[in-house]
Structures are given as structure tokens and as C-alpha cells.
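Undergrad: First, the structure itself, so that you have it in front of you.
The values are calculated or read from the model by the stated rules, or taken from the named source; none is laboratory data. Being a predicted model, the structure only gives us computed values, none of them experimental. Cβ placement follows ideal geometry from the backbone for every residue including glycine, while neighbour counts extend to all protein chains displayed.
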Amino acid sequence: MTCLMTKTQELKFWDELCESFEAVCGVANAKHILEVPFDVNEWDGLGNHYEKMTAKKYKAEYGQFFTPKNIVEYLIDSTQYKNTHVVADISCGSGRFLLGVIERLIKAKNELHEIQERIFGFDIDPILVRIALANVRGLLAKQGYSVAIDTFFNIECKNSLENAESFFSEKDRFDCILGNPPYLKASPKTNLGHPNLYASFVEVGINYLKKGGRIGYIIPKSFVSGAYFSKLRKVLSNEVLTEELITIFERNSAFSDVLQEQVLLTAKNSSPTHEDIKVGVAFTNGSFKIDTFKSSYDTVFWDEDIICIPSSQIDTNLVKKCFKNGFKKIAHAGLRVSTGQIVPYRMKEYLTVQSGRKYRPIYWSHNVAAHKFAPNKRQKGRQHMVIDCKEVEN
């Protein structure tokens, strides 16, 4: 669809579809212009339809990935949300976190003006801002609230990273900031010194919390190591109280088109106390399940250099054993790991299954598993020896 329409046509289409959705939901003065091609009672049916209709390339360009409802609910709970809190999602997309909060406000029988005062959403994509507005109006109308097509909500098209220091006024600081920020490479010079937009959104989100407020985000796991994310690790270890770091077990099922590991992050805007941190694993296939336990601060934060997120007590015990033996890195143990020197299709003539003094062993991913190294494991089509020669060394 995005390939066939101009930007103006696309904006018009989604505006008309959103208004039609609002009309079906009972929003006053909304016109039923187009047929609504999904069940209006489906949770974020508009956002789901947008995902299906919008080209993967366009979503990748904006770093857009849509959050399942069970993760929305978990992060709302992890931030210790209360119905009196003022909540923001500064990369709101189709408004799923806002919907999750509004459902709780409806259940608590809040008046419309209270909901309007407590919900803020911002996104750089005007289509998603329109969808978020339609979702909010539609949900409230279906629940009997008197909502019209021009009823105002604090949901606006804004770049939350632009002029971040003055984006919100003092009175607009929030009790909770929730979200699934965009995953997109960015220039460190224009994004608070971070190499990826999600890291900038974490820092901006923390900056606009009230003292004692909490941020609940789902972010890629790439921040745990490497020089690029040292600033974010410093923020999480030294500038806030990081309370939860939960790894999502399945790489490819929590979000469509996302293959990297994800982490559920909860942090409080207060000084770090070096208390134990809630860690563990979330399982998203089938019923949503989280296995958690407490891990010591020192086991998780390694001198701002590495963040270790144990997935089990076995992980924690292994880390403690390494510390006890005097090292935190492989290099400290006198070992060196190198990857990528042997590119199979380029080195095909040097790979073999023969053994002897002229050959060195090579190991593939199937030789490595959790807490286990299986050097003798063989896989069809994978040669496990390489000829010892200069061509291989170079």
C-alpha cells in the first residue's frame, strides 16, 4: 500500500479509516466514510491492520515494532502504576500502552476529564498519532463515555528527541513512562550521544520522570556490552535505581520481524542503592509466563563495562564462581576468543573432515549451548577441521 500511494493520499486514507472506525465505535460526529476491514472489538485492531497493510521497509525506516498486550500489561504492573498517576508514552505508535492504562482508568470509574489529564502520547509518525487518537476515542466511546470527533487528548505528533532538554515543562513531568521505543541506528551527535534511538529514548524517558517515578520499556539486549552503549549502562548503573531486567526467551515470537533478544526494563528515578535486582526470563509463546528471581547488584553490573542479565540461578552461580576465581572476562583468564576468521564459502578448499598434525579444529554454533561446550558434536555438511596454512592465518 505504501508503495502505491503518495504520502498525502496515505494520510487521507488512514484519516478516513480512523474516522470510520470512530463512527462505528459511537464517537459523536464521526463519519462512516470507509468500510472497516477488521473487528472493531479487537484490541488495537487499527494497529494490527496498519501492521498488515504497511510495507516492512517503511516500518524498518522508522524502527516501528508493535507490542503484544501481555507485555503491555506486565510493564504497567512493573512500574507500580496507580490510577492517580500521570502517564506518557513518548514513542506511542498506535497507542497500545495508552490503551492499557485507559482500560484500568475505566475500570476504576474515572471521569473523562481525569483520563484526559493523565494520558500523554507522542510519536513522529502522523499516521500512528491519528491511529492512537482513534483507538483512545473508540475505546472510551464503546465504554459509554461521551466522546466526539474533536474531543481533545494529549496525543500529538512530535519528535521526542528534538530539543529534549525543553520538550516538557516542569508541570508535565510524569509518574510513569511506558513504551517500546524505535530500534534504529542513529547519529550519536544528534541523539544524546547514543548509537541507537532506543537508548536515547531510555535516557529522555528517565529525564522526564518525577522523582520516584518509573520507566517501563521493552528494548533490544544490545545495550548490555560494547563501547557504543557505555553511556546507557552508566545511566542504568549509576544514575537511577534499576529494578528489573527480564530477558524475553523467544527471539522471533514477541514481535514480527524482530530477531534480536529483547529485555523488559524497569527503572526508578531515584539514586541507586545497589539492592538486588529482579532478573529472569519471559516466555511469550502460548500463555505469557515470567520466571524471576533476585540477583545481586554486583552480579548484574560489572563496573559499567558489562551488564549481565542472568536467566537462571545457574547463570548467577557461574558468574559468582568466575568472580571468586579472579576474573570477569575471558581475557582475565588468559583466553582469547576470535570469531569470523573462517568464512566457509571463501575457505572451502581448506575445510575438511580429515584429522592429523596438519589440521586445526574449528567449531560451529552447534558446538556451543547454554553452559555447555560440545567440541565433538558433528553436523552434516559442516567440516570440523581446517588445513594449517598461511592462507588460513591471514
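Undergrad: When you go through (1) touching a residue at least 12 places away in the same chain (Cβ under 8 Å); (2) in the same structural domain as Leu184 (by TED's automatic domain parsing) one by one for Asp77, which number turns out not to apply?
TA: Single failed check for Asp77: (1).
Undergrad: Turning to a different aspect of this structure: Sort through Lys324, Lys289, Lys328 and tell me the only one that's in contact with a strand residue (DSSP E or B) (Cβ under 6 Å, 6 or more places away or on another chain), among the basic types (Lys, Arg) and either outside the structural domain of Glu243 (by TED's automatic domain parsing) or within 16 Å of Ser225 (Cα to Cα) (or both). It would help to see each step written out before you state the result.
TA: Numbers: Lys324 fails: in contact with a strand residue (DSSP E or B) (Cβ under 6 Å, 6 or more places away or on another chain); Lys289 fails: either outside the structural domain of Glu243 (by TED's automatic domain parsing) or within 16 Å of Ser225 (Cα to Cα) (or both).
Result of the check over Lys324, Lys289, Lys328: Lys328.
Undergrad: Can you find a residue that is outside the structural domain of Ile277 (by TED's automatic domain parsing), in contact with a Gly (Cβ under 9 Å, 6 or more places away or on another chain), over 30 Å from Ser296 (Cα atoms) and not in a helix (DSSP H, G or I) anywhere in the range 368-390?
TA: The answer is yes, given that some residue of the range 368-390 is outside the structural domain of Ile277 (by TED's automatic domain parsing), in contact with a Gly (Cβ under 9 Å, 6 or more places away or on another chain), over 30 Å from Ser296 (Cα atoms) and not in a helix (DSSP H, G or I).
Undergrad: I'd like the full set of residues that are assigned to a loop (DSSP other than H, G, I, E, B) and either in contact (Cβ under 8 Å) with a residue 60 or more places away in the chain or loosely packed, with under 11 Cβ neighbours inside 10 Å (or both), limited to the range 357-367.
TA: As a first pass, look at the range 357-367 and keep what is assigned to a loop (DSSP other than H, G, I, E, B): 357-358, 362-364.
Listed by number, the list holds a single entry, Arg357.
Undergrad: Read through the list (1) more than 20 Å from Glu103 (Cβ to Cβ); (2) at pLDDT 95 or above, then give the number of the only condition that Lys56 fails.
TA: All conditions pass for Lys56, except number (2).
Undergrad: Taking the range 157-184 only, how many residues are farther than 28 Å from Asn70 by Cβ and either among the acidic types (Asp, Glu) or modelled with pLDDT under 80 (or both)?
TA: 11
Undergrad: Within the range 43-50, can one find any residue that is of a type in the set (A, V, I, L, M, F, W, C), part of a helix (DSSP H, G or I) and under 17 Å from Arg137 (Cα atoms)?
TA: yes
Undergrad: Taking the condition surrounded by 14 or more Cβ atoms within 10 Å (Cβ to Cβ), in the same structural domain as Lys221 (by TED's automatic domain parsing), among the hydroxyl-bearing types (Ser, Thr, Tyr) and modelled with pLDDT under 85, does Thr299 pass?
TA: no
Undergrad: Related question: Kindly indicate the residue of the range 225-273 that is more than 23 Å from Tyr208 (Cα to Cα) and of a type in the set (D, E, K, R) and also modelled with the lowest pLDDT among those meeting that condition.
TA: Filtering first and then ranking leaves Asp257.
Undergrad: Identify all residues within the range 119-144 that are of a type in the set (Lys, Arg) and over 23 Å from the mean Cα position of the chain (by Cα); write none if there are none. Spell out the reasoning first.
TA: Step one: filter the range 119-144 for residues of a type in the set (Lys, Arg), giving 130, 137, 142.
Result: Arg137, Lys142.
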